[in-house]
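The values are calculated or read from the model by the stated rules, or taken from the named source; none is laboratory data. Because the structure is predicted, anything quoted here is derived from the model rather than measured. So basically every Cβ, Gly included, is an ideal-geometry build from the backbone, and we count neighbours across all protein chains shown. Protein only, heavy atoms only, side chains kept; ligands, DNA and RNA dropped before computing areas. Shrake-Rupley method; radii C 1.70, N 1.55, O 1.52, S 1.80 Å.
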Amino acid sequence: MNSTRREFLRYAAATGIAAMVPWQRVFAQAQSPRLTKFIQPLPALGTGIPVATSVPFMGADYYQLSAGQYTQLLHPELSNPTKLWGYADATTGLHRHLGPVIVAQRGTPVRLTLTNYLPPIHPLPVDTTLPGADLPPNRIALHVHGGLTPWLSDGGPFSWFGADGTYGPSAVSVPDMGVPPPATFNYYYPNDQSARMVWYHDHALGITRLNAYAGLASAYIIRDLAEAALIASGAIPSREIPLIIQDKIFKSVADQWGGPGDLWYPSEYDADLGPATLTPLPSPSCVPEFFGDTMLVNGVVYPTAHVEQRRYRLRVLNACNARFCTLRLFYARGSTFPDSTEPNLRRRGPSFVQIASEGGFLPAPVLLDGTRDGTLLLAPAERADLIVDFTDVPVGSILILYNDAPAPFPSGDPAVDFDPDSREISPRPQPGFGPNTRTLLQVVVGPRRGADDPHAPLKVPPVDPTLLVPEGVTTLPPGVPVRDLTLNEDFDDFGRLIQRLGTTEPLYEGTFARNYEDPPTETPQAGAIEAWRIFNLSGDTHPIHFHLVNVQIVSRQSIQRNRLRTLGPARPPDPNERGWKETVRMNPGECTTVIMKFNLPATPFAVPPSPRTGGHEYVWHCHILEHEEHDMMRPLIVV
Ligand SMILES: [Cu+2]
């Protein structure tokens with residue numbers, strides 16, 4: 001049982017709201033079919049995951065992408081190919097789940113034309129009571145997550161465009177490329193950022209969680225000369241494997257949204273989760289979080305990677321809607337099925353050395369040795385750039401990439417991981433098969449073929465740009481303006497759980513929470529430095545994502561229960577949270593202080609203000625997509 005949520009609800013009960021939360025109900029109401037683990041190869045960049053192609057145009061790399069519906073068999077034992085929405089290179093029209101990846105160079109802008117071919121019926125249940133969700137469901141807004149992007153190309157929720165030629169109130173296409181044809185939109189990305197892996201995904205108002213889950217997401221890799229020099233010297237391995245992690249549920253039986261093999265997504269809110277004061281509840285209804293039961297890496301269900309006895313660079317992205325992941329390698333229990341698919345938790349595999357996060361290279365590499373304190377934790381949208389050395393792993397060894405993060409985080413119940421070793425699940429999950437959210441990837445180690453790679457001492461370039469607060473310091477520089485903000489959990493008009501951002505001034509009775517569409521309150525000046533102290537008054541850890549800016553975590557500090565008062569010492573960020581980030585875990589009962597500078601990107605055209613809000617319209621929000629959409633997002637308007 002989720003003890004913090006239970007605690008929260010006990011608090012709610014003490015204040016007059018009676019509620020009970022059976023943990024099972026937080027989770028899936030349907031279950032994926034049994035699928036054999038690790039019988040498909042891991043798609044690699046360029047050979048399984050397509051890379052988008054570009055042509056030179058107007059001083060930029062020019063991409064033409066389309067968004068459309070297609071089907072793909074994601075596991076040979078699924079009874080049918082899965083109906084997906086996704087991006088495709090318009091020059092090939094080839095759709096593949098999680099493609100195409102954009103590879104950009106620092107200093108070379110990208111121009112992108114996206115054409116919307118999506119059909120008017122969404123493949124997933126749409127709750128039309130969410131703000132904006134009563135509009136046609138085939139609306140899209142392409143957001144480069146982690147990009148330093150002019151607001152009009154940021155793909156914010158109100159910058160959507162429909163397949164029917166309609167546009168959202170903040171949709172402003174790039175001004176120097178002419179008026180785009182209907183159902184088409186032009187974007188401009190300066191790429192004036194150091195090397196890093198960002199990603200792009202849909203962000204349209206009211207349907208972001210569904211569009212991203214249906215497949216509108218891919219990676220966007222920015223390279224630069226400093227990184228190239230480190231690779232050439234052998235300080236960073238040249239063999240690079242992206243690992244994009246997602247959790248899904250596949251239908252076993254047909255329903256009104258699709259047939260067996262299609263993606264399942266909840267359509268009913270469980271009244272036991274909250275007081276549910278209004279009945280009937282909306283149907284379809286949003287849910288507090290979506291947790292899948294079947295894990296995909298690079299778009300493939302339970303894949304296998306074959307590596308040589310060498311060093312590799314793994315570029316990990318948690319692209320789940322709500323699931324956190326803890327990641328480490330264990331040796332498999334044995335070499336024959338099903339032991340080859342399950343970890344031996346007493347035998348740790350090679351360590352990770354983390355060299356970069358969302359905002360580029362860390363100030364120093366961080367060893368993650370797979371012990372309890374040396375486990376990589378990634379919330380939705382967080383990234384980790386890892387070096388793993390398989391040189392001394394015996395040929396023929398089988399390793400399992402293992403995750404045991406509770407869902408919801410941090411206090412979910414491990415019994416719902418479909419762990420075959422759990423005594424709490426009946427019937428017991430079977431070793432060797434999904435559903436199972438603990439085993440993500442099998443790695444088979446083979447002999448090195450060809451020459452060894454160049455080796456150089458592992459080092460990383462200086463953090464770019466220089467940090468605003470020196471490392472090891474948990475106090476703010478004098479004179480920096482501080483905003484106090486809040487993360488809140490209560491109930492919406494139907495009595496459903498709702499998560500919202502807020503200030504410390506109540507706009508509504510009994511809560512600091514504000515709706516996304518309430519007037520903007522975070523309106524920094526362009527070029528200003530600000531510190532935000534964000535008090536988490538809810539029961540969950542929220543990965544808070546900032547558009548436009550990278551932030552530096554200054555400290556985390558305990559807070560007095562449900563009060564805006566800090567207690568005890570300020571703790572520095574974890575070693576692998578130093579440097580720049582744009583998605584920051586904010587834990588329950590803590591105040592997280594971040595500092596950032598609101599620089600706007602340079603563009604070859606004049607950037608008009610947002611017609612809807614004025615200024616440069618961005619957002620900040622929780623990246624648990626079900627939270628973001630209901631309604632944990634606020635405008636960020638740079639003036
Ligand atoms: Cu959240």
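Using the Cα centre of region 173-273 as origin and beta-carbon charges of +1 (Lys, Arg) and -1 (Asp, Glu), tell me which of Ala271, Val198, Gly259 is placed farthest towards the positive end of the dipole.
Highest projection toward the positive end goes to Val198.
Could you compute the FRET efficiency for Asp164 and Ala570, with r as their C-beta to C-beta distance and R0 at 45 Å, rounded to 0.05?
Details: r = 52 Å, r/R0 = 1.15.
Computed FRET efficiency for Asp164 and Ala570 comes out at 0.30.
Per DSSP helix of 4 or more residues, -39500 (n - 2.57); summed, then divided by the residues of the chain. What does that give at 222 nm, rounded to the nearest 500? Show your work: numbers first, answer last.
Working: 4 runs with 32 residues, N = 639.
The helix contribution divided over the chain gives -1500 deg cm²/dmol.
Semi-axes, largest first, in whole Å: what does sqrt of 5 times each Cα gyration tensor eigenvalue give for the chain? Walk me through the numbers before you get to the answer.
Values: eigenvalues 209, 181, 148 Å².
Output for the chain: semi-axes of 32, 30, 27 Å.
Between Asp518 and Arg34, 0.36 nm times their residue separation minus their Cα-Cα distance comes to what? Write down the numbers at each step before the final one.
Working: separation 484, 0.36 × 484 = 174.24 nm, distance 4.54 nm.
Roughly 169.7 nm would be gained on extension.
What FRET efficiency comes out for the pair Ser558/Thr475, r = Cβ-Cβ distance, R0 = 25 Å, nearest 0.05? If you can, show how the numbers build up before the last one.
On the way: r = 16 Å, r/R0 = 0.66.
The pair Ser558/Thr475 has a calculated efficiency of 0.90.
Quick check: residue separation of Arg428 and Gln525 times 0.36 nm, minus the Cα distance between them. What number comes out in nm?
Working: separation 97, 0.36 × 97 = 34.92 nm, distance 5.66 nm.
Full extension from Arg428 to Gln525 adds 29.3 nm.
Tell me the volume per residue, in Å³, of the convex hull enclosing the alpha carbons of region 453-507.
Spelled out: Cα convex hull of region 453-507, divided by residues, is 210 Å³.
Normalised by the residues of region 178-287, what does the relative contact order come to in percent, with Cα pairs under 8 Å and at least six apart? Let's see the in-between values first.
Working: 87 pairs, mean separation 17.5, N = 110.
Value for region 178-287: 16 percent.
Along each of its three principal axes, how wide is the spread of alpha-carbon positions in region 553-639, in whole angstrom units, largest first?
48, 30, 23
Starting from the Kirkwood radius over alpha-carbon pairs of region 230-366, derive D by Stokes-Einstein at 4 °C in a medium of 1.567 mPa s and give it in µm² s⁻¹.
On the way: Rh = 18.8 Å.
Value of D from the Cα-based Kirkwood radius: 69 µm²/s.
Can you compute the equivalent ellipsoid semi-axes for region 370-458, i.e. the square root of 5 times each eigenvalue of the Cα gyration tensor, sorted largest first and rounded to whole Å? Please list the in-between numbers first.
On the way: eigenvalues 198, 70, 19 Å².
One finds semi-axes of 31, 19, 10 Å for region 370-458.
Using only the alpha carbons of region 495-622, what is the convex hull's orientation-averaged projected area in square nanometres? Intermediate results must be reported in sequence, preceding the final value.
On the way: hull surface 38.0 nm².
One quarter of the hull surface, i.e. the mean projection, equals 9.5 nm².
Taking only the Cα atoms of region 202-246, how large is their convex hull per residue, in Å³?
Considering the Cα atoms of region 202-246, their hull volume per residue is 86 Å³.
Can you flag which of Lys248/Lys459; Lys37/Lys251; Lys251/Lys581; Lys37/Lys83 are past 26 Å Cα-Cα? Walk me through the intermediate numbers first.
Values: Lys248/Lys459 37 Å; Lys37/Lys251 18 Å; Lys251/Lys581 36 Å; Lys37/Lys83 21 Å.
From the list (Lys248/Lys459; Lys37/Lys251; Lys251/Lys581; Lys37/Lys83), the Cα-Cα distance tops 26 Å for Lys248/Lys459; Lys251/Lys581.
Let me check something: with ligands and nucleic acids excluded, how do Lys581, Lys459 order by accessible area (1.4 Å probe), largest to smallest? Numbers along the way, then the final one.
Numbers: Lys581 5, Lys459 120 Å².
Descending order: Lys459, Lys581.
Using a probe of 1.4 angstrom, how much of the accessible area of the chain is carbon and sulfur, in percent? The partial results should precede the final answer.
Details: 12090 of 22260 Å².
Ligands and nucleic acids excluded, carbon and sulfur reach 54 percent.
Excluding ligands and nucleic acids, what accessible area in Å² is computed for Thr336 using a 1.4 Å probe, to the nearest 10?
Surface accessible to solvent at Thr336 totals approximately 90 Å².
Hey, with R₀ at 30 Å, roughly what FRET efficiency would Thr128 and Lys597 work out to, going by the Cβ-Cβ distance, to 0.05? Present the calculation step by step, with values, prior to reporting the outcome.
Details: r = 39 Å, r/R0 = 1.31.
It comes to 0.15.
Please give the solvent-accessible surface of Asp464 in Å², to the nearest 10, using a probe radius of 1.4 Å with every protein chain present.
50 Å²
In nm, what is the difference between 0.36 nm times the number of residues separating Ala364 and Glu505 and their Cα-Cα distance?
Details: separation 141, 0.36 × 141 = 50.76 nm, distance 3.96 nm.
Gain on extension, Ala364 to Glu505, equals 46.8 nm.
Protein chains only, probe 1.4 Å: how do Tyr117, Tyr331 rank by accessible area, largest first? Write down the numbers at each step before the final one.
Numbers: Tyr117 155, Tyr331 25 Å².
Heavy-atom accessible area, descending, gives Tyr117, Tyr331.
Quickly work out the Gln256-to-Asp484 label distance, labels modelled 7 Å from Cα along the C-beta direction, and quote it in nm with one decimal.
Distance between the two pseudo-spin positions: 4.7 nm.
If you put +1 on each Lys and Arg Cβ and -1 on each Asp and Glu Cβ, how big is the dipole of region 289-331 around its Cα centre, in Debye rounded to 20?
Working: 6 positive and 3 negative charges, 70 e Å.
Charge dipole of region 289-331: 340 debye, to the nearest 20.
Compute the accessible area per residue over the chain, keeping the other protein chains in place, probe 1.4 Å, unit Å². Before the final figure, lay out the partial values.
Numbers: 22260 Å² over 639 residues.
Here the residues of the chain average 35 Å² of exposed surface.
Roughly what % of Cα-Cα distances in region 480-543 sit above 13 Å, to the whole percent?
That tail contains 66 percent of the Cα-Cα pairs.
Remind me, relative contact order of the chain in percent, using alpha carbon pairs under 8 angstrom and six or more residues apart? Kindly include the intermediate steps, with their values, before the conclusion.
Numbers: 1742 pairs, mean separation 96.1, N = 639.
Once normalised by length, the contact order is 15 percent.
Starting from the eigenvalues of the Cα gyration tensor, five times each then square-rooted, give me the equivalent ellipsoid semi-axes of region 67-129, largest first, whole Å.
On the way: eigenvalues 138, 62, 24 Å².
Working through the eigenvalues yields semi-axes of 26, 18, 11 Å.
Kirkwood Rh, region 407-477, all Cα pairs: how many Å?
Working: mean 1/r = 0.0550 Å⁻¹.
One decimal place: 18.2 Å for the Kirkwood radius.
Treat every Asp and Glu Cβ in region 294-440 as -1 and every Lys and Arg Cβ as +1, leave all other atoms uncharged, and give the resulting dipole magnitude about the Cα centre to the nearest 20 debye. Walk me through the numbers before you get to the answer.
On the way: 15 positive and 16 negative charges, 38 e Å.
Dipole size: approximately 180 debye.
Evaluated at 25 °C with a viscosity of 0.890 mPa s, what Stokes-Einstein diffusion coefficient in µm²/s does region 316-474 have when Rh comes from the Kirkwood expression over alpha-carbon pairs? Spell out each step's value before the answer.
Details: Rh = 17.6 Å.
In µm²/s, the coefficient rounds to 140.
Bin width 5 Å, origin at 0, all Cα-Cα pairs of region 436-580: what percent of pairs per bin?
So the P(r) values, bin by bin, are 2, 6, 12, 16, 15, 13, 10, 8, 6, 4, 4, 2, 1, 0.
Could you state, as a whole-number percent, how many of the C-alpha pairs of region 59-195 are farther apart than 21 Å? Kindly include the intermediate steps, with their values, before the conclusion.
Numbers: 4297 of 9316 pairs.
When every Cα pair of region 59-195 is considered, 46 percent fall beyond 21 Å.
Please give me the summed charge of the neighbours of Val460: other residues whose Cβ is under 14 Å from its Cβ, Lys and Arg +1, Asp and Glu -1.
Details: positive: Arg196, Arg313, Lys459, Arg578; negative: Asp224, Glu227, Asp385, Asp464, Glu471.
With Lys, Arg at +1 and Asp, Glu at -1, the neighbours total -1.
Express the relative contact order of region 41-189 as a whole percentage, based on alpha carbon pairs under 8 Å and six or more residues apart in sequence. Walk me through the intermediate numbers first.
On the way: 279 pairs, mean separation 29.9, N = 149.
Once divided by the residue count of region 41-189, the mean separation gives 20 percent.
Taking the simple approach of a point 7 Å from Cα along Cα-to-Cβ for both Met177 and Phe337, what is their distance in nm?
About 4.7 nm separates the two model spin labels.
Using a 1.4 Å probe and counting only protein heavy atoms, arrange Ser170, Ser283 so the residue with the most accessible area comes first.
Details: Ser170 0, Ser283 80 Å².
I get Ser283, Ser170, largest accessible area first.
Which value in Å does the Kirkwood hydrodynamic radius of region 316-408 take, with 1/r averaged over all unlike C-alpha pairs and then inverted?
14.1 Å
Using all C-alpha to C-alpha distances in region 295-347, build P(r) with 10 Å bins and read off the rounded percent in each one.
Computed distribution, short to long bins: 18, 45, 35, 2.
Could you check how many percent of all C-alpha pairs in region 252-292 are farther apart than 17 Å?
On the way: 334 of 820 pairs.
In whole percent, the long-distance tail amounts to 41.
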